[in-house]
Structure formats: C-alpha cells, structure tokens
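**Student:** This is the structure I want to talk about, given as structure tokens.
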C-alpha cells in the first residue's frame with residue numbers, strides 16, 4: 001500500500017490579506033498550472049437567484065479594471081495556454097495551464113479580476129452572458145434525452161431550503177431576473193482574497209510564486225465578514241421512498257437510484273467511493289455482471305454508479321441503468337433496486353474489493369499525471385479541509401477500506417425506505 | 001489603487017522538449033515508446049491498420065462491433081473472468097477507431113504494465129468470437145447507436161458526410177456506421193474482418209517510465225502469434241467540391257436548439273499546406289477567441305459555443321463548423337457564420353489574430369502533452385503518418401514561423417464558402433421559412 005497519494009512537495013503560505021498560496025514544484029515539463037478556488041458555489045444562492053454563481057463565473061472572463069473585454073482569453077491563448085472555469089454547488093474554480101515563462105501573466109490576470117472586476121462590469125456584458133448561459137442550459141439539459149435527470153434528482157434528495165436543493169445551472173426565470181447590482185454585490189461579497197486559495201504547480205519555485213502573489217494580490221483588501229451558506233450537514237431521513245416517473249421523448253426506459261451518504265472527505269465517504277466502484281465501475285462490477293451480462297436487461301454501455309464529491313452535506317451516490325429493447329422501466333427499476341439492496345446482504349469478496357481499489361488507484365494517478373490535475377486537487381484540499389497536504393491521505397484511505405465497512409455503510413445509507421428513484425419512460429409513439 | 005495596471009511580459013523561455021522516443025522492431029512489429037521518468041502511470045496502445053476505412057461499403061460498424069466482441073471471452077477464459085483479470089490490474093480495455101486505425105489500450109500503474117499488455121494481446125489476437133456472443137454484441141451496438149442518434153448531432157453529421165463525400169463511398173458514411181447498418185451485420189463478417197486485419201503485428205505504442213518497463217517483453221506479448229505484414233494504404237482520394245452552396249434541413253420536432261453542421265471537403269493529412277491550413281482554421285474557428293466564437297457567442301449571444309476546424313486522415317479531409325443555436329435565431333446565426341467563413345477566405349487573417357493562433361497552437365504542445373495518455377496519442381500520430389522522432393519540435397518551429405501571407409493564402413485556397421453544405425437539424429416547422437428566406441442557397445428537406 002502506498003503511504004502517500006502525493007509524492008511531490010507542497011507548501012502553503014498565507015498572505016496578510018488572507019489569500020492562501022499553495023505551491024508544488026515539479027520541473028518535469030516546462031509548464032505551470034495556476035488554479036484559484038473561490039469558496040462560493042450555488043449552495044450560497046438564495047431563493048430567486050438560482051444560477052447566479054455560475055453566470056457570475058462567465059462574467060469573470062469579460063474584462064476587469066486593466067483587462068479589456070475579450071482580452072483575458074486572448075492573452076492566455078496567445079501565451080499558448082489552456083484555460084477554463086467551473087461552478088458546482090460547493091465552489092467556483094478558475095484555472096489556466098501556461099508555458100512556464102508566462103506564469104506572471106496568469107497571476108496578473110487572476111489578480112485583476114479578483115480585485116478589479118466590478119468597475120468593468122456592464123449591463124451589455126451581463127445581457128450577453130445571460131444569453132450564453134441560457135443557451136448552455138438548452139444545450140446540456142433541455143435538448144438531450146435524460147438531460148434533466150440531475151435537475152430532477154437534487155430536489156428529491158434535498159428538501160427546500162437545503163443548499164443542494166437546486167441545481168447550479170439555475171432556472172430560466174431566475175436567470176431572466178438577474179440584475180447588474182446583484183452581481184456587483186456578489187463579487188464584493190465573495191471574491192475576496194480571504195475566501196480564495198491560489199495554487200501553482202509545475203516549473204516554478206515556492207519563492208517565485210509567493211513573491212509574485214504578494215506583488216499582484218497583496219494589496220487586494222480582505223473582507224471582514226463573508227456570509228456562510230446555509231448549513232446543510234444534517235438532512236433528516238424522510239422514512240419514505242421518493243419516486244418520480246417521467247414520460248419524455250427518450251429512446252429507452254432509464255432508471256436512476258440515488259441516496260444521500262456522507263460528505264466528501266469523511267471516512268464514511270471513502271467507504272462509499274469504494275462501494276460505488278464495486279457496484280458500478282467496469283464490466284466486473286455488480287451492476288454489469290447482474291443486469292447487463294447476467295439477466296441482460298440493461299444496455300452494457302450505460303451501466304454505472306458514482307458518488308458526487310460534494311463536501312458540505314451528505315453527498316449523493318447515484319446508480320443508473322438503461323433498458324435493453326423490450327424491457328420495461330418497472331422491471332429495470334426492480335432489478336436495479338435488488339442489486340443495490342444486495343450490498344447489505346451479499347458480502348463483498350476480496351476479489352471485488354481488489355478490483356475496485358485497482359480501478360480507483362489508476363483513476364487517482366491519472367488525475368495526478370498532469371500539473372493541472374494536481375493543482376485542482378491541492379486547491380480543493382486547502383479550501384475544504386484547510387490543509388493541502390491532506391491530499392496525500394485520500395488514496396491510502398480508499399485502499400484501507402474493508403468489506404465489512406462496505407456492508408455497514410450499505411446498511412446505513414442505502415436503506416430502501418430512504419431511497420430516491422427516478423424513472424424515464426419513452427412517450428408512446430403514434 | 002491596489003492593482004498593478006501594467007501587464008507583465010514573459011520570463012525567459014524554457015526550451016521545448018518532447019520526451020525521448022525509443023523505437024524497436026521486435027517479431028515483425030514496431031515498438032514506439034516515450035520515456036517519462038518518474039511517472040507512476042503508464043499507457044500501452046496497440047495500433048492496427050484496421051480503421052473504418054478498411055470496412056467494406058455496406059458493412060459500416062464492423063470495427064465497432066468487433067471492438068466490443070473482443071471482451072466477450074478469449075480462447076483462454078470467458079468474458080467475466082477476462083473482465084475480472086484486467087480490471088484487477090486497474091484498467092479496462094479501451095478501444096478506439098478512426099478512419100486510419102484501430103486502437104486498443106491499457107492504462108495502469110507502471111509495475112502492472114506487463115500483465116496488462118498480456119491481457120490486451122489476449123483479447124485482440126485470440127478472442128473467442130462465439131457467433132451467439134457476436135450477434136448479441138451486434139444488437140447491443142445497434143441499440144447503443146440508436147440511443148446516441150436520439151441526441152442532436154449524429155444525424156446532422158451523417159447528412160453532411162454523405163453530401164460531402166458521396167453515400168456510395170465508405171468515407172461518405174458514418175465512421176461507426178448507423179443503427180441500421182450495424183443491425184444488419186453478419187456474425188461471420190466480424191470473424192472474417194478479425195482474421196484479415198487483427199492478426200497482423202501492427203505497432204505497439206508505450207508511454208511511461210522506461211527505466212521500469214521491459215519493452216522487449218511487452219513487444220513479445222503484443223506480437224506473439226501474429227502473421228502477415230503491412231498492406232497498401234491507398235492514395236489520397238480526390239473529392240470534388242459542389243458547384244453551389246445549399247441548405248439541408250433535418251427535422252427534429254420539438255428541438256429547443258438548432259444543430260448546425262457546415263462543411264466542405266479539404267486536403268488530406270500529408271498536404272504540404274498542413275500548418276498554414278491548421279492556423280487558418282484556428283483563427284476562424286479553433287480557439288475560444290476565434291472569429292466565429294467571438295461573433296456568434298460573445299457578440300450575438302446566439303449559442304453556448306461554435307467551433308470550426310480542418311480535420312484530415314491519410315486519404316481525405318474536411319473543413320467543418322459545428323454549433324447549437326437557439327431555435328429563434330437559426331437563420332441569422334447561419335447567415336453570420338457563412339459570412340465569417342467568406343470574409344476569412346477573401347480577406348485572410350491579421351497579424352494580431354495569427355500571433356494568438358500560432359502561440360496557442362505551439363504552446364499547446366507543452367501544455368496538453370503531459371499525461372501518458374496524451375503522449376501515447378502524440379506517438380500514434382508519428383506512427384500513422386510516418387513522422388520522425390523530432391516531429392513535434394519541428395511542428396512547433398513551423399507553427400511559430402508561419403506568417404500572415406502563408407496563412408491567408410491557405411485560407412484563400414482551402415476555404416470554399418460558395419461550395420458549403422449547410423446542414424441544419426432542428427424543428428423544421430419553426431425554422432423552414434426563415435431559412436428559405438435567406439439567400440444562402442437552395443433549401444432541401446432531408447428524407448431519411
């Protein structure tokens with residue numbers, strides 16, 4: 001068993017304004033990854049403002065005090081870099097990987113939009129990016145079969161008022177109602193150095209990064225009070241299974257089963273991660289062996305189970321299967337429920353456990369094989385657990401999970417009377 | 001003021017390095033490896049001259065079905081035992097197909113690479129191919145394609161391809177076939193295709209820490225029992241341009257977006273203009289800052305994204321633009337996209353735009369070629385297109401040296417706005433009149 005999932009150096013320095021600067025030197029390739037985690041996500045959005053954290057992420061690319069509209073992308077790509085940003089319920093991250101000689105440019109750009117976005121924010125930009133985000137919603141969620149599954153599962157898993165109740169993409173009505181002042185206030189509230197972690201990984205040194213961070217970010221003032229998101233750590237069990245049936249223009253019946261488990265980063269969630277791999281990763285998984293191969297009621301390419309790595313409330317475990325031709329949604333749902341229930345009654349074998357751990361080990365080293373993968377991981381552990389070095393503990397923790405722990409976790413979090421089931425049926429075609 | 005207004009310039013440039021390449025010939029097969037010192041993960045990829053271009057017309061999808069059938073058991077063990085054996089090493093058998101090659105690969109912690117390659121070879125070289133299993137896999141593949149074709153895009157892609165290359169040619173039909181072509185395949189065709197193309201040695205691509213990898217042992221496993229040698233790859237195909245631009249409308253009732261697929265034929269991979277063509281494509285539609293994305297997304301707000309590029313295989317290529325736009329603005333989005341293509345063809349690129357495009361493409365060779373998987377992909381390019389070990393370093397130099405005159409000339413010569421086929425997949429009842437009212441060209445309804 002490896003004693004570390006992160007065999008590279010890690011340092012963390014806190015600037016006077018609260019910005020945490022994480023550095024991991026690796027001179028293997030002449031590239032650096034720059035990654036900023038802001039501790040704000042859709043869990044912070046009040047009712048009526050769903051989708052705002054994500055729309056805001058778009059606005060961060062539209063210029064700031066010293067960067068003209070459209071210049072951000074042009075400067076990073078013109079330096080040979082790759083860049084993007086993502087928003088999820090927990091947080092918003094911004095990242096670019098550039099040839100090492102352009103590190104200073106990347107830090108200047110990130111500092112300018114952390115400290116100087118609001119003066120550059122215009123109604124025209126907001127209107128344009130609102131249209132872009134509405135198109136994103138159409139493309140990803142509305143115009144594809146089963147595209148709205150995630151939007152339907154969240155409110156079944158988390159009650160109204162819970163920070164994970166609504167999806168990050170937000171509602172069309174809320175997006176339409178978004179006004180400029182709200183976004184200016186959003187930046188002033190959450191985009192503060194003491195609410196962010198700056199991570200740099202690659203062909204650089206701790207001294208260089210800390211000096212540059214001080215130079216570009218050092219004078220951005222801290223914000224005294226950053227309002228927390230609602231506390232979602234305790235979600236009372238309803239004791240009643242929730243089932244939603246959807247008749248839609250889909251090519252085959254599909255079933256999702258979802259449960260609330262434990263927050264990402266907790267020992268309980270490590271067990272759930274291994275459990276999910278036993279249940280749904282690969283052709284050797286229980287779902288594949290039982291439903292795709294054994295009973296042959298599920299399409300082999302569309303079988304899976306995974307945890308959604310959210311850290312601020314019990315995170316979801318989702319299992320899904322899609323029917324082979326001639327198989328009804330009811331039969332498929334019964335088959336899926338049976339395999340999930342058996343995690344409690346049929347002990348996981350040593351071979352199943354080894355297989356799951358081997359697949360997780362490869363997945364881990366795959367993320368660690370690039371400087372950008374490492375930077376995002378360090379930013380996560382610094383933001384969510386206060387110490388980037390804890391990144392090294394995850395892989396050993398997965399490898400220490402036992403079959404008994406999986407059976408206990410299954411009994412604890414996969415109870416049928418606290419299960420969410422979402423079933424899609426194809427429309428009857430004339 | 002708390003922020004520093006002046007944009008910093010670049011520091012001292014680091015020299016570009018592509019990993020050291022090692023080539024060997026073992027047992028009639030080629031080994032091409034890249035040394036990644038200290039890397040814990042390794043990738044091995046077996047490359048066979050068995051791409052979709054080798055499938056007979058009327059048997060589209062043969063390679064895809066065979067790829068799945070490889071995992072339905074081998075002469076050594078049944079499907080479940082095979083899955084458990086390979087997944088216990090931490091990898092699945094990953095298969096891939098393009099016009100030129102069939103690929104099967106494994107990705108594992110480096111100390112397990114030998115065992116993983118043995119299992120890879122077992123599936124590729126000695127699959128059981130029981131006819132009953134093959135028929136089931138074929139039916140599953142047809143179902144999987146039906147699922148995929150329920151999404152917007154695959155139908156539009158097929159319609160564009162057929163119109164560009166001719167539906168009577170294999171390369172005028174979808175790479176993975178259609179739901180119907182796959183459903184009609186015969187189990188015996190799959191076995192014959194395997195015996196014809198999958199027991200030739202091919203090439204083994206390896207990316208990992210070569211100090212911890214025994215290349216000769218990997219090659220011995222990958223090439224054991226192989227027979228035959230390389231087969232003529234065929235010359236580049238001359239594809240005529242259409243005389244007139246036209247719109248083909250593919251109905252998708254209820255669609256909240258229209259899927260756009262615009263294109264025309266373009267040069268094959270070995271064309272001498274490869275670098276200026278790639279840069280012209282980058283300025284027009286390749287990067288986020290491209291002309292198309294700037295106008296259609298950032299200025300107009302019609303889409304979440306639009307991109308265009310030139311793509312090429314050994315025998316043919318194409319220029320294509322793809323996007324999903326809001327239904328109500330389908331016609332203006334189409335008109336403006338065609339306008340940008342025409343403007344680029346007529347007026348070429350500016351130094352400002354080209355500076356971004358060439359630095360971006362050159363920089364991507366450092367930034368995107370990090371993981372063993374990405375390096376293996378770069379090695380695959382060397383093998384498929386007969387390129388030298390220092391190809392990526394030379395490519396970088398060519399990209400950085402390309403000037404406005406060369407790239408503008410490539411845009412003028414290789415963009416053909418008057419010959420474009422404009423495929424629109426959307427709610428025909430809502431968009432037909434608007435499309436007919438444009439002066440883009442004749443409007444044709446696609447009939448399945």
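**Student:** For residue A:428 and residue A:127, what is the calculated FRET efficiency with R₀ set at 41 Å and r taken between the beta-carbons, to the nearest 0.05?
**Tutor:** 0.50
**Student:** So, one more: Name the residue, out of B:209, B:98, B:386, whose mean-square fluctuation peaks in a Gaussian network model built on chain B with Cα pairs under 10 Å.
**Tutor:** B:386
**Student:** Run the Debye formula on the Cα coordinates of chain B, all scatterers equal and no solvent, and tell me log10 I(q)/I(0) at q = 0.10, 0.13 1/Å.
**Tutor:** -0.83, -1.27
**Student:** Please compute, for peptide A:69-79, the average count of beta-carbon atoms on other protein chains lying within 10 Å of each residue's beta-carbon.
**Tutor:** For peptide A:69-79, the averaged partner shielding equals 6.
**Student:** Given just the C-alpha atoms of the stretch B:113-205, how large is their convex hull per residue in cubic angstrom?
**Tutor:** So the per-residue Cα hull volume is 148 Å³.
**Student:** From the C-alpha gyration tensor of chain A, pull out the three semi-axes of the equivalent ellipsoid (sqrt of 5λ each), sorted largest to smallest, in whole Å.
**Tutor:** Gyration-tensor ellipsoid for chain A: 38, 27, 19 Å.
**Student:** Can you compute the modelled spin-label distance between residue B:199 and residue B:25, with each label point 7 Å from Cα toward Cβ, in nm?
**Tutor:** 2.3 nm
**Student:** Residues of the stretch A:23-55 with the amide nitrogen closer than 19 Å to a label point 7 Å from the Cα of residue A:205, along Cα-to-Cβ, please.
**Tutor:** Once the point is set 7 Å along Cα→Cβ of residue A:205, A:23-33 turn out to lie under 19 Å by backbone N, inside the stretch A:23-55.
**Student:** Return B:416, A:44 ranked ascending by Cβ neighbour count within 10 Å, so the fewest neighbours appear first.
**Tutor:** Fewest-to-most Cβ neighbours within 10 Å comes out as B:416, A:44.
**Student:** Kindly provide log₁₀ I(q)/I(0) values, in the same order as q = 0.11, 0.14 Å⁻¹, from the Debye equation applied to equal alpha-carbon scatterers of the stretch B:21-223.
**Tutor:** -0.54, -0.84
**Student:** Further question: Report, to the nearest 10°, how far helix A:329-345 tilts away from the longest principal axis of the Cα atoms in chain A, using its own Cα long axis and a range of 0 to 90°.
**Tutor:** That works out to roughly 80 degrees.
**Student:** To the nearest whole percent, what portion of all C-alpha pairs in the stretch B:1-140 is separated by more than 18 angstrom?
**Tutor:** Cα-Cα pairs in the stretch B:1-140 separated by more than 18 Å: 66 percent.
**Student:** Using just the Cα positions, wrap the protein assembly as shown in a convex hull and report its mean projected area in square nanometres, one decimal place.
**Tutor:** Result: 33.6 nm².
**Student:** Taking every residue in B:139-146, how many Cβ atoms of other protein chains lie within 10 Å of its Cβ, on average?
**Tutor:** Per-residue shielding by partner chains comes out at 4.
**Student:** Distance from the Cα centre of the stretch A:103-156 to that of the stretch B:372-439, in angstrom?
**Tutor:** Cα centroid of the stretch A:103-156 versus Cα centroid of the stretch B:372-439: 27 Å apart.
**Student:** Quick one: work out Rg over Rh on the C-alpha atoms of the stretch A:20-65, Rh as Kirkwood radius.
**Tutor:** Taking Rh as the inverse mean 1/r over Cα pairs, Rg/Rh reads 1.14.
**Student:** Next question, about the same structure. Which whole-number percentage describes the relative contact order of chain B, with Cα contacts under 8 Å and a sequence gap of 6 or more?
**Tutor:** Over chain B, the number comes to 21 percent.
**Student:** Here is a follow-up. Among A:266-279, A:203-216, how do they line up by average Cβ neighbours within 10 Å per residue, starting with the highest?
**Tutor:** A:266-279, A:203-216
**Student:** Over the stretch A:11-217, one equal point on each Cα, no solvent: what is log10 I(q)/I(0) by the Debye formula at q = 0.10 Å⁻¹?
**Tutor:** Relative scattering, expressed as log10 I(q)/I(0), comes to -0.46.
**Student:** Moving on. Please identify, among A:307, A:80, A:63, the residue showing maximal mean-square fluctuation in a Gaussian network model of chain A using a 10 angstrom Cα cutoff.
**Tutor:** Result: A:80 has the largest fluctuation of those listed.
**Student:** In degrees between 0 and 90, to the nearest 10, how far off the longest principal axis of chain A does helix A:371-385 point, with axes built from Cα atoms?
**Tutor:** Computed tilt is about 80 degrees.
**Student:** Please give the average number of partner chain Cβ atoms lying within 10 Å of the Cβ of each residue in A:100-106, rounded to a whole number.
**Tutor:** Neighbouring Cβ atoms belonging to other protein chains average 5 per residue here.
**Student:** Follow-up. Over chain A, what is the relative contact order in whole percent, taking alpha-carbon pairs under 8 Å and six or more residues apart?
**Tutor:** Once divided by the residue count of chain A, the mean separation gives 23 percent.
**Student:** Taking R0 as 51 Å, what FRET efficiency do you get between residue A:231 and residue B:355 from their Cβ-Cβ distance, rounded to the nearest 0.05?
**Tutor:** That gives a FRET efficiency of 0.50.
**Student:** Could you state the angle between the C-alpha long axis of helix A:180-190 and the longest principal axis of the C-alpha atoms of chain A, as a value from 0 to 90 degrees rounded to the nearest 10?
**Tutor:** With both axes taken from Cα atoms, the answer is about 90 degrees.
**Student:** Just to be sure I follow: if Rg is taken over the C-alpha atoms of the stretch B:331-390 and Rh is the Kirkwood radius over the same atoms, what is Rg/Rh?
**Tutor:** Looking at the stretch B:331-390, the ratio lands at 1.18.
**Student:** Further question: Counting each DSSP H run of 4 or more residues in the protein assembly as shown as -39500 (n - 2.57), what helix-only mean residue ellipticity at 222 nm follows after dividing by all residues, to the nearest 500 deg cm²/dmol?
**Tutor:** -12000 deg cm²/dmol
**Student:** Find the centroid of the Cα atoms in the stretch B:60-90 and in the stretch A:188-236, then give the distance between the two in whole Å.
**Tutor:** Between the Cα centres of the stretch B:60-90 and the stretch A:188-236 lies a distance of 48 Å.
**Student:** Moving to a separate point now. Which distance in nm do the two modelled labels at residue B:386 and residue A:4 give, with both placed 7 Å along the Cα-to-Cβ direction?
**Tutor:** It works out to 4.8 nm between the two label points.
**Student:** Figure the gain on full extension for residue B:184 and residue B:216 (residue separation times 0.36 nm, minus the Cα-Cα span) and round it to one decimal in nm.
**Tutor:** Result: 7.4 nm gained on full extension.
**Student:** If packing is taken as the average count of other Cβ atoms within 10 Å, what order do A:227-233, B:270-276, B:305-311 fall into, highest mean first?
**Tutor:** Highest-to-lowest ranking by the protection proxy: B:305-311, B:270-276, A:227-233.
**Student:** Let me ask you something else. Hey, how many Å between the Cα centroid of the stretch B:217-244 and the Cα centroid of the stretch A:348-388?
**Tutor:** Using only Cα atoms to place each centre, the spacing works out to 38 Å.
**Student:** First obtain the Kirkwood hydrodynamic radius of the stretch A:5-97 from its Cα pairs, then insert it into the Stokes-Einstein equation at 4 °C and 1.567 mPa s, and state the resulting D in µm² per second as a whole number.
**Tutor:** This corresponds to a translational diffusion coefficient of 84 µm²/s.
**Student:** Enter the mean projected area of the convex hull around the alpha-carbon atoms of the stretch B:365-418, in nm², rounded to one decimal.
**Tutor:** With every direction weighted equally, the projected area is 5.4 nm².
**Student:** Can I ask one more? Listed highest first by mean packing, meaning other Cβ atoms within 10 Å per residue, what order do B:115-127, B:427-439, A:405-417, B:28-40 come in?
**Tutor:** For the peptides B:115-127, B:427-439, A:405-417, B:28-40, the packing ranking is B:115-127, B:28-40, A:405-417, B:427-439.
Readers should treat all values here as calculations from the given coordinates under stated rules, not as data from a laboratory. Note that the structure is a prediction, hence the values are computed from the model and not measured. Counting neighbours? That spans all protein chains shown, and the Cβs are built from the backbone with ideal geometry, glycine included.
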